[in-house]
Structure formats: C-alpha cells, structure tokens
Amino acid sequence: MCRADHRQGAAIRSDPAAPTDVVRFSDVRFAWPGSTRFGLEVDSFVLARGERLLLIGPSGSGKSTFLSLLAGIVAPDAGRVEVLGTDLGALRSHARDRFRSEHFGIIFQQFNLLPYASVPDNVVLPLSFSVARRARALANGSAEAEARRLLGKLGLDAGAIDGARAASLSVGQQQRVAAARALIGSPELIVADEPTSSLDRNHQLAFLDLLFADLAAAGTTLIMVSHDETLANRFSRVARLEDFARVIGPDALVRVARGGAAA
Ligand SMILES: Nc1ncnc2c1ncn2[C@@H]1O[C@H](COP(=O)(O)OP(=O)(O)O)[C@@H](O)[C@H]1O
Ligand SMILES: [Mg+2]
C-alpha cells in the first residue's frame with residue numbers, strides 16, 4: 001500500500017499528463033558507429049503500463065540494441081523514444097542517466113555487478129542515484145533491510161548474502177543479486193536482457209516465479225528479452241523484434257539522414 005502510494009506520486013511528478021504508455025517509439029532510426037554499422041528502424045512501438053512483454057529473436061538480431069535505445073543508453077539518430085511521457089532525446093546525458101536511475105530497473109545480460117562490493121551494497125546501489133527509489137525503499141525500513149528482504153524473496157539465503165563479495169557467488173546467485181538491484185525502490189519499468197540464459201530449466205522457472213511475484217505486487221511494467229519461446233505463457237504479450245523493427249545495414253544507412261545531413 002505504502003509502495004503503491006509512493007509509486008503514484010513518482011509517476012505524477014515525472015509525467016503530469018499521466019499517459020498509460022510507459023514506452024513509446026516514434027520513427028526511430030539508429031545505427032551503431034564504427035565498422036559494423038548495424039542499425040534498427042522502429043516506426044512505432046508502445047509498451048503500456050503494467051504490460052509484461054517477452055521480446056524474442058535470434059542472437060545478433062538487435063534485441064540488446066533495442067533495449068539500449070529504450071533505456072536511453074544510446075540515443076537515436078532520428079525519431080523519438082519517450083518513457084513515461086519524457087522524450088529521452090531531449091535530456092542531456094547526465095539528466096538521461098538520472099532519469100534512467102529513477103525509473104528503470106535493468107538486469108543486464110552480464111549482470112554488471114560490482115565484483116568486490118558486498119551483496120547488499122550491490123543491491124542498494126541504485127538508491128544512491130534516485131531520490132524517489134530511495135524514499136520508497138526506506139518506507140519499509142533501512143535500505144539494507146529492504147535489500148535483504150528482496151534477496152530473501154528471490155531465494156538467496158543469508159549465507160550467500162553475508163560477507164560474500166559479488167564475484168564469489170555462483171551465476172544463479174549473481175543473477176538474483178542483479179534482480180534485487182533492479183527491483184529495489186520499485187522503479188516503474190524493469191528491463192531484463194536474457195536474465196535466465198545461464199540457468200537450467202528449473203532454475204529459470206523458479207527465478208521467473210520470484211521476479212513476477214514482486215512485479216505483480218507493485219504493478220510494474222516489464223520488458224524481457226529471451227530467445228526461449230517456451231517462456232511465453234508467463235507474459236501478457238509476446239513480440240518478435242522483426243514484428244516492429246527493421247534491421248538496416250550500410251546501404252540502407254545512406255537514406256538515414258543523421259540530423260538531415262546525409263543526401
Ligand atoms: N556496442 C556496440 N558497438 C557497435 N556495434 C554493436 C554494439 N552492440 C551491438 N552491436 C551490433 O549490433 C548487432 C546486434 O547486436 P545485439 O543488439 O547485441 O543483438 P542481440 O541482443 O539480439 O543478440 C551486432 O551484430 C553488432 O554488429
Ligand atoms: Mg543481446
């Protein structure tokens with residue numbers, strides 16, 4: 001209840017118009033710099049509040065690139081990516097980082113934990129960069145207590161939490177730490193890039209059960225990438241990247257005028 005009230009407050013602060021869309025892509029064009037020049041075109045993509053979207057596609061098809069655009073980690077060459085009504089392209093890089101910390105929980109493919117930091121320190125890290133998430137986490141007690149509560153719910157036992165450096169944990173344990181770090185302070189949107197790819201089937205399903213239980217409690221929106229279609233029945237929507245994105249290569253790029261500069 002407390003968390004829901006805080007969540008509503010944060011949504012109103014960040015977005016006076018309170019749109020039901022959490023994510024909206026409009027006429028987005030993006031290409032990686034450098035020799036590969038792999039790029040994506042997304043005319044339209046919408047993620048509604050509370051949706052649980054499973055995004056599937058083969059390796060190398062651009063799923064992580066798409067998530068990088070969605071999270072404002074890279075900026076489109078053309079078009080708009082709006083999150084909670086905010087045009088990410090209108091924010092300077094520092095403001096975009098802040099916005100991401102406030103509103104996103106991200107589970108990266110490689111987890112990106114701080115290897116020498118303790119498990120609770122890894123989990124509370126996002127609270128250093130987000131006033132709203134810190135306030136929501138502290139509503140339930142101390143930040144560390146909230147970290148331990150989440151870790152416990154995700155099935156990480158106290159023996160693994162106490163005293164261990166993140167680097168000394170198993171892959172499955174590190175994944176739970178990454179999930180707790182994404183969930184702490186109830187960000188509006190969870191972005192998970194193949195979070196179960198290094199787990200066996202039983203651990204995959206158990207992990208999703210735990211993740212979804214926490215998301216459901218907070219009404220959180222989720223986009224999760226996987227190449228495993230058998231997970232589909234747990235999600236409210238399943239999409240293939242190619243349903244809404246076109247891959248562009250070097251030839252097509254000539255037509256993508258960066259800021260109108262190209263012929
Ligand atoms: N940081 C990067 N810099 C340059 N090119 C990249 C980068 N990340 C991905 N790419 C390019 O984007 C293509 C798609 O990769 P990616 O989005 O990671 O696909 P997926 O997540 O579906 O496996 C890669 O083949 C590569 O050419
Ligand atoms: Mg990927």
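The values are calculated or read from the model by the stated rules, or taken from the named source; none is laboratory data. Computed from a prediction, not measured in an experiment: that's the story for all the values here. Don't worry about glycine lacking a Cβ; one is built from the backbone with ideal geometry, like all the others, and counts go over all protein chains shown.
Structure data summary
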| read-out | value |
| --- | --- |
| Index of the failed condition, Val119 passing every other in (1) within 29 Å of Ala145 (Cα to Cα); (2) surrounded by fewer than 22 Cβ atoms within 10 Å (Cβ to Cβ) | (2) |
| Filter result for Gly89 (modelled with pLDDT under 95, in a loop (DSSP other than H, G, I, E, B), away from ligand 1 (no atom under 16 Å from the Cβ) and surrounded by fewer than 21 Cβ atoms within 10 Å (Cβ to Cβ)) | no |
| Residue within the stretch 24-44 that is polar (S, T, N, Q), within 16 Å of ligand 2 (Cβ to nearest atom) and either out of contact with any Ser or Thr (no Cβ under 6 Å at 6 or more places or on another chain) or farther than 22 Å from Met224 by Cβ (or both) present | yes |
| Qualifying residues in the stretch 165-180 (those that are in contact (Cβ under 8 Å) with a residue 12 or more places away in the chain and more than 10 Å from Phe111 (Cα to Cα)) - the one surrounded by the most Cβ atoms within 10 Å (Cβ to Cβ) | Ala180 |
| Residue list for the stretch 15-67, restricted to those being charged (D, E, K, R) and within 13 Å of Ala245 (Cβ to Cβ) | Asp27, Arg29, Glu41, Asp43, Lys63 |
| Candidate set: the stretch 198-225, residues that are hydroxyl-bearing (Ser, Thr, Tyr) and in contact with an Asp or Glu (Cβ under 8 Å, 6 or more places away or on another chain); chosen: the one farthest from ligand 2 (Cβ to nearest atom) | Thr220 |
| Residue match in the stretch 43-62 (condition: at pLDDT below 95, outside any loop (DSSP other than H, G, I, E, B) and of a type in the set (Ser, Thr, Tyr)) | no |
| Whichever residue in the stretch 45-76 is within 13 Å of ligand 2 (Cβ to nearest atom) and β-branched (Val, Ile, Thr) and, among such residues, is nearest to Met224 (Cα to Cα) | Ile56 |
